[in-house]
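The block underneath contains the structure these notes are about, expressed in structure tokens.
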Amino acid sequence: MVKSNVTPEDPIDVQPAIGLIGMGGMGTMYAKYLSAAGWKKIYVCDLPSKYDALKQQYQGTPGITVLRDGHGVSRISDWIMYSVEAEFIDKVVAEYGPSTKVGAIVAGQTSVKTPEKYEFEKHLPEDVQIVSCHSLHGPTVSPLGQPLVLIKHRASDDALRLVENILRPLGSRFVYMSYEEHDIVTANTQAVTHAAFLSMGTAWASASSYPWEHGYYVKGIETVKVNIMLRIYSNKWHVYAGLAMLNPSARIQIDQYARSTTEIFKLMLAGDDVGLTKRIYEARDKVFGGNGAEEGVKHRAPILLSEDILNRFSLGKPRETSGGSATPPSPTGGLPANSHLSLLAMVDCWAHLDIQPFVHLDLAATPIFRMWIGVAEYLFRSQNRLDAAIHAALYDVSHRSDDLEFVVAARGWSQCISFGSFELYRERFEQTARFFQSRFEDATKLGSAMIQAIMDSSSDENAQKA
Ligand SMILES: NC(=O)C1=CN([C@@H]2O[C@H](COP(=O)(O)OP(=O)(O)OC[C@H]3O[C@@H](n4cnc5c(N)ncnc54)[C@H](OP(=O)(O)O)[C@@H]3O)[C@@H](O)[C@H]2O)C=CC1
Ligand SMILES: O=C(O)C(=O)Cc1ccc(O)cc1
């Protein structure tokens, strides 16, 4: 085996042969960083039908050799990563797994690990080691400082060291988990968070309303909601479908999210002031402070930037509101009061499932999850803002039609995911995505800048603490 403490500065004949099967968003990102670091033997492939185009694309790129298919890559590589759709992992590993080089180490980049583990165990030869991985961010986000999960499943310590050394140039933070822990954590963080944003998008699209156009969703945390929703719908549908439908824990979390949304909406319709306030306060205390919350949660610095900075990333302009500069600042920033049903339901859902989002935040947060907790925290840690949301939920009907659409959408997504049909999921996703398509380019740029600003501000804070 290649020595585990190898670096890109070592001569080519002692460097590991790195294999990448699947050259979509994630495979391409890994190829870029590993080649730039100086690894000199990187073998890549996608489907054989894309061989010529890929060869053209990588002509002259240092260290990268394009091969026709996964057999070629598997036969010569010491570390191989499958970066293909989770839906196809069975077929792809069944085909190329048996060609894996004797003693090689195999990984998958799939966002859901239960099927990957099963297929690796079924199709990889006994002498092959398994150290899987998962970058907890999309391909357009810089990997620097982001969590990169490593799963030492069937491997020696030396094999793990070698994988760490191969991947070090990404600059990510290694997080160690088992296959099983991975799927529980990502169901708690990604799957249920995506359900909220998918539902927002479907609700707005069903109401034929661009949220940045009528002036309700253009400031502060509304900006975050809109930008992240657009970011998700501009990504590949299969990424979200796979992690929601193939992860055994995800359906339970997504079902609870729909249940929380519906039950809160019923309390709103009934005008049940006491019942709604009790329910929301109990959830708040459990997740953000009070009985049952971790001590550290109550004292940590907030995640989000100031409202003024968030406003810079808005796709729209606020509606003119009455009242001049003498008007005192309102908890809603002068906009019609929003019930923030999506957030009330999120915190209620975390509370019901005994999920402690801040524990996941420190361990394995994706940028989107980090921002979603930030938004929830912004609302729930301010008594004024939370009370304004509860008051709006009960007595202000300006957002009521959006809330109704949201309830229907959340239930619809949960039901779709429970059916487990990729085709149905794709149709739902693409129907909403088509409605927003014209703004994807702007939203991707704004969203990336917003994510970077939030990441930078939290690393500044950490640096100050250190
Ligand atoms: N995008 C994201 O934000 C993240 C994704 N992931 C995970 O990484 C994996 C890849 O995702 P991503 O790169 O975004 O998806 P892409 O769709 O961009 O890339 C997957 C690539 O694999 C190709 N492929 C399919 N079958 C084969 C095969 N038999 N041999 C070689 N290549 C094949 C696909 O071709 P074709 O399109 O023709 O099917 C496609 O080019 C997924 O499992 C995803 O869950 C993990 C972290 C983040
Ligand atoms: O940050 C998120 O949740 C994203 O949407 C990007 C993403 C998608 C899939 C992954 O496996 C990891 C990250």
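The values are calculated or read from the model by the stated rules, or taken from the named source; none is laboratory data. Owing to the predicted nature of the structure, the values given are computational and were not obtained by experimental measurement. Cβ: placed from backbone, ideal geometry, glycine included. Neighbour counts: every protein chain shown. Quick note on the areas: whole protein, heavy atoms, side chains included, nothing else; ligands and nucleic acids left out. Shrake-Rupley method; radii C 1.70, N 1.55, O 1.52, S 1.80 Å.
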In the chain the DSSP beta bridges are antiparallel at a rate, in percent to nearest 5, of 20
First compute the accessible area of the range 12-177 with a 1.4 Å probe, then give the percent of it belonging to carbon and sulfur atoms. 52
Using the structure shown, list the pairs from LYS41/LYS117; LYS3/LYS152; LYS50/LYS117; LYS50/LYS122 with a Cα-Cα distance above 20 Å, or answer none. LYS41/LYS117; LYS50/LYS117; LYS50/LYS122
Taking R0 as 35 Å and r as the Cβ-Cβ distance between SER99 and SER382, the FRET efficiency 1/(1 + (r/R0)^6), rounded to the nearest 0.05, comes to 0.05
For the residue pair GLN431 and SER306, what label-to-label distance in nm results when each label sits 7 Å from Cα along the Cα-to-beta-carbon direction? 4.4
Keeping every protein chain present and rolling a 1.4 Å probe, give me the accessible area per residue for the chain in Å². 41
What's the ranking of 8-19, 219-230 by average number of surrounding C-beta atoms within 10 Å, highest first? 219-230, 8-19
Report the full-extension gain for the segment ALA453 to ASP273: residue separation times 0.36 nm, less the Cα-Cα distance, to one decimal in nm. 61.0 nm
Between the alpha carbon centres of the range 235-284 and the range 127-171 the gap in Å comes to 33
In degrees, nearest 10, the alpha-carbon axis of helix 383-395 is tilted away from the dominant principal axis of the alpha carbons of the chain by 70
What is the diffusion coefficient of the chain in µm²/s, taking the Kirkwood radius over Cα pairs and the Stokes-Einstein relation at 4 °C with a viscosity of 1.567 mPa s? 55
Segment PHE88-LYS32, extension gain: residue separation times 0.36 nm, minus the distance between their alpha carbons: 17.8 nm
Additional length obtainable on full extension of the chain from ASP442 to TYR281, 0.36 nm per residue less Cα span: 54.2 nm
I need the shape label for the range 12-177. Rule: rounded when a/c is under 1.5, else prolate if a/b > b/c, else oblate, with a, b, c from the alpha carbon gyration tensor. rounded
Along the range 249-265, Karplus-curve 3J(HN,Hα) (6.51, -1.76, 1.60; θ = phi - 60°) to the nearest Hz, with x for Gly and Pro, reads 7, 5, 4, 5, 5, 5, 5, 5, 4, 5, 5, 4, 4, 5, 5, 5, 4
Put a dot 7 Å past each Cα toward the Cβ at SER398 and GLU181; how far apart are the dots in nm? 4.7
